[in-house]
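I have placed the structure first, in the form of structure tokens, so that the comments after it can refer back to it.
FYI, it's all coordinate maths here, none of it is from the lab. Please read all numbers here as calculations on a predicted model, not as lab measurements. Cβ: placed from backbone, ideal geometry, glycine included. Neighbour counts: every protein chain shown.
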Amino acid sequence: MKLISGLATVTLASLVATTLAAQPASAAAVPPTQLAGDWISTQLTDGIAVGDFADIGLTIDAGLALESMGDTARAEFIGDSIAGTLVTSEDFPYGYAASDEGGTTGRYANATAKAAAFTGRIGRDPSTAYDSIDLLAQLEELTDDTTGLIADDSSFGNFENAIGQAFAVEALARAGSDEAGAATDALLAQQCPAGYFLFTLGSTACGDVPSADTTALVVISLRESGIGSTKVAAATSLATQWLESVQLPDGSFAGDASAPGKNANSTGLAGWALGEAGRTAAAVRAAAWTRGLQAADPGACATQASTGAIAYNAEDLASGRTSGLGAKTGVWRRATFQAAPVLRWAPPASGALGITAPASAAASSKVDVVVRGLAAGEHGCVTNGSAKRLVTGTGGDLAVSFDLPATVPAAHTFTVTTLSGAQSATTNVAAPPAPVPAPVVGELSVAKVEKVGRNNRFKVSVACDGAQACTGKIKVRTATKVERANGTKAKLVVAKSAYEVQPGRTSQVTLKLTKPARAVLGKKRIRVVATQSVRGAEPVATKFWLRRK
């Protein structure tokens, strides 16, 4: 930002200070128009847009934007600042509306009309607002009494166009000039049957690529003119219908052949015109799209792009965030000065800012948090520790994903921050439960030959030497097939029982013969296999002999 010297420094600084004051965490939402207006004011030196040269046309664009957004004081300050630039002087050799052309004075229709229209919009009389020039009188002289067309009086040629004609109609009609009627008819003759206005005055080439920018500026001036005739109303209605018909699904507008592709200038101007004409739904969509190109990157997501400035397109926004405006400052200025007024129709948030997160989650998992209360096009910053996501509101709920680290236990705080405040939510990651030890069955201790008592019972021992209890079941089967009472042979279940032995102890387990086993176990011994089993552990088999006592 260039420093502003002298009286203008005090005046402009006082205007900026009231709107750039630090906002508390609970502040009301900062309107995007305010952000844009604040940035526009920082781009003026003594109230003039200065780049490689003092650009008075761009300066008036800034004034028109500020006036449209209700920033009257700043718009009037620009009106004061251009006083010494309208005609050639010792301090300003290249007059905007009238300039020395080497012995003759050139008078420029577009510039005169634009300056006169702006002067009228800030509530001043273009006839008397400036000591150096009567803008209205000069405009009337540059308007043909018969055709109503404006034209330059210059040795350099004639560069008038439909945009200048529209400004002329606005200024002449507002002043009640006798030239207003013919000028209006000349402007309406520029409208093609489809509804758009041709840029080149006197052209009838309706097959050419139409311009949303030209059409929008004509509509705005016709609305500002206050002309209530049926033909002007019909022309305005047809033009806005055409603008709606070429609006893209995302709310944006594309430029003409000289500037193809969706961009903020075309979208801002078209949306502004639609809003002024009462086509609110279309204006809201254009405003939301334009707000998405406004640099307003809060908190940890702050970037190199200047807050409040509007990028020409998405590519310029990305570049500005990474590297600053730099050599493209002029492009950002023109985009902001022309597009800012549409932000008057930017939709507000549907509710208070908020964020919700899962109460709990696993370590190393992906978590979706939900952000609420971001207006369409509004930027927010969602953080979790050092991780951050710069997001743009859609007007509804917005899901944002984060990958949690492996650290446990942990409490992860997710925060959404805007230029107006912040809200947080927490997700807890608990330590995983201690692993359940694998079950053990213990060590079975048996004699080579175990004897079965008269009560058909026998005992075995289970030793539990570890730090946890030994549990399981013992099932004893015959090792081979044996002959049963009916003469058939089969392996038999001899006995079975469940058991539990405390750590460090040895317990006896009593097993009772099954009825089939009783029948086959006589005085001879039989070979058996005892299998210890429990869910989650490998079974353990032990062979021994059984016989009766």
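Could you put 378, 244 in order, starting from the residue whose Cβ has the fewest other Cβ atoms within 10 Å?
Numbers: 378 29, 244 17.
Ordered from fewest to most neighbouring Cβ atoms within 10 Å, 378, 244 come out as 244, 378.
Using Cβ counts within 10 Å as a stand-in for footprinting exposure, how do 360, 420 rank, fewest first? Don't skip to the end; give the middle numbers.
Working: 360 11, 420 20.
Ranking 360, 420 by Cβ neighbours within 10 Å, fewest first, gives 360, 420.
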For the residue 104, residue 145 Cβ pair and Förster radius 22 Å, calculated FRET efficiency rounded to 0.05 is 0.45
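Going by a ≥ b ≥ c, the root eigenvalues of the Cα gyration tensor, does region 354-429 fall in the rounded group (a/c under 1.5), the prolate group (a/b larger than b/c) or the oblate group?
Details: a/c = 2.25, a/b = 2.10, b/c = 1.07.
It comes out prolate by the Cα gyration axes.
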Tell me what the chain gives for mean residue ellipticity at 222 nm when only DSSP H runs of n ≥ 4 count, each as -39,500 (n - 2.57), the sum divided by the residue total, rounded to 500 deg cm²/dmol.
-10000 deg cm²/dmol
What distance in nm separates the simple spin-label points at residue 481 and residue 280, each placed 7 Å from Cα in the Cβ direction?
9.4
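Quote the charge dipole size of the chain about the Cα centre in Debye, to the nearest 20; the model charges only the Cβ of Lys and Arg (+1) and of Asp and Glu (-1). Intermediate results must be reported in sequence, preceding the final value.
Values: 48 positive and 47 negative charges, 2436 e Å.
Here the size comes out at about 11700 debye.
Got a sec? How would 301, 206, 381, 470 order by Cβ neighbour count within 10 Å, fewest to most? Intermediate values should be presented prior to the final figure.
Values: 301 17, 206 13, 381 20, 470 25.
Lowest count first: 206, 301, 381, 470.
Charges only on Cβ, +1 for Lys and Arg, -1 for Asp and Glu: so what's the dipole of region 354-429 about the Cα centre, in debye to the nearest 20? List each step's numbers first, then the result.
On the way: 4 positive and 4 negative charges, 17 e Å.
Once rounded to the nearest 20, the dipole reads 80 debye.
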Positive dipole terminus of the chain, leading residue within 42, 252, 478 (C-beta point charges)
478
Of 275, 526, 151, which is farthest on the positive side of the dipole of the chain, counting Cα position, with +1 on Lys and Arg Cβ, -1 on Asp and Glu Cβ, and the Cα centre as origin?
526
Taking every other residue with Cβ under 13 Å from the Cβ of residue 468 and scoring Lys and Arg +1, Asp and Glu -1, one gets -1
How far apart, in nm, are two points set 7 Å out from the Cα along the Cα-to-Cβ line at residue 128 and at residue 327?
5.0
Using r as the Cβ-Cβ distance of residue 137 and residue 91, and R0 as 41 Å, what FRET efficiency do you calculate, to the nearest 0.05?
0.95
With residue 284 itself left out, Lys, Arg at +1 and Asp, Glu at -1 over residues whose Cβ is under 13 Å from its Cβ give +2
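Compute, for region 443-548, the length of the dipole vector about the Cα centre, with Cβ point charges of +1 (Lys, Arg) and -1 (Asp, Glu) only. Units Debye, rounded to 20. Walk me through the numbers before you get to the answer.
Details: 25 positive and 6 negative charges, 182 e Å.
Dipole of region 443-548, to the nearest 20 debye: 880 debye.
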Whole-Hz Karplus ³J(HN,Hα) for region 485-501, in order, using 6.51 cos²θ - 1.76 cosθ + 1.60 and θ = phi - 60°, x for Gly and Pro?
4, 8, x, 7, 10, 6, 7, 10, 7, 8, 6, 7, 6, 8, 8, 8, 10
Taking R0 as 45 Å, what's the FRET efficiency between residue 300 and residue 248 from their Cβ-Cβ distance, rounded to 0.05?
0.90
Part-to-part distance (alpha-carbon centres) for region 532-549 and region 424-467, which is given in Å
14
Quote to one decimal, in nm, the extra length available between residue 457 and residue 259 on full extension: 0.36 nm per residue of separation minus the C-alpha distance between them.
61.2 nm
At a threshold of 8 angstrom on Cα-Cα distance, excluding pairs fewer than six apart, so keeping six or more, what relative contact order does region 105-225 reach in percent?
26
Tell me, how many Å apart are the Cα centres for region 283-334 and for region 154-199?
33
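So what is the diffusion coefficient of region 105-225 in µm² per second by Stokes-Einstein at 37 °C and 0.692 mPa s, using a Kirkwood Rh over Cα pairs? Can you show the working numbers first?
Numbers: Rh = 14.2 Å.
Rounded, D is 232 µm²/s.
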Dimensions in Å of the chain - Rg and Dmax from alpha carbons
43.4, 145
Towards the positive end of the charge dipole of the chain, with charges on Cβ (+1 Lys, Arg; -1 Asp, Glu), say which of 65, 318, 452 has the farthest Cα.
452
Under the Karplus relation with 6.51, -1.76 and 1.60 and θ = phi - 60°, whole-Hz ³J(HN,Hα) for region 275-285, x at Gly and Pro, equal x, 5, 8, x, 8, 5, 4, 5, 5, 4, 5
Work through the residues other than residue 56 whose Cβ is under 15 Å from its Cβ and net out their charges, Lys, Arg +1 and Asp, Glu -1.
-2
Residues whose placed amide H lies under 5 Å from that of residue 491, excluding near-sequence neighbours:
482
Whole-percent pair-distance distribution, where bins are 10 Å wide, for the alpha carbons of region 422-540
12, 36, 24, 12, 6, 5, 3, 2, 1
Report the paramagnetic label zone for residue 505: residues of region 470-491 whose backbone N is under 20 Å from a point 7 Å from Cα along the Cα-to-Cβ axis.
470-474
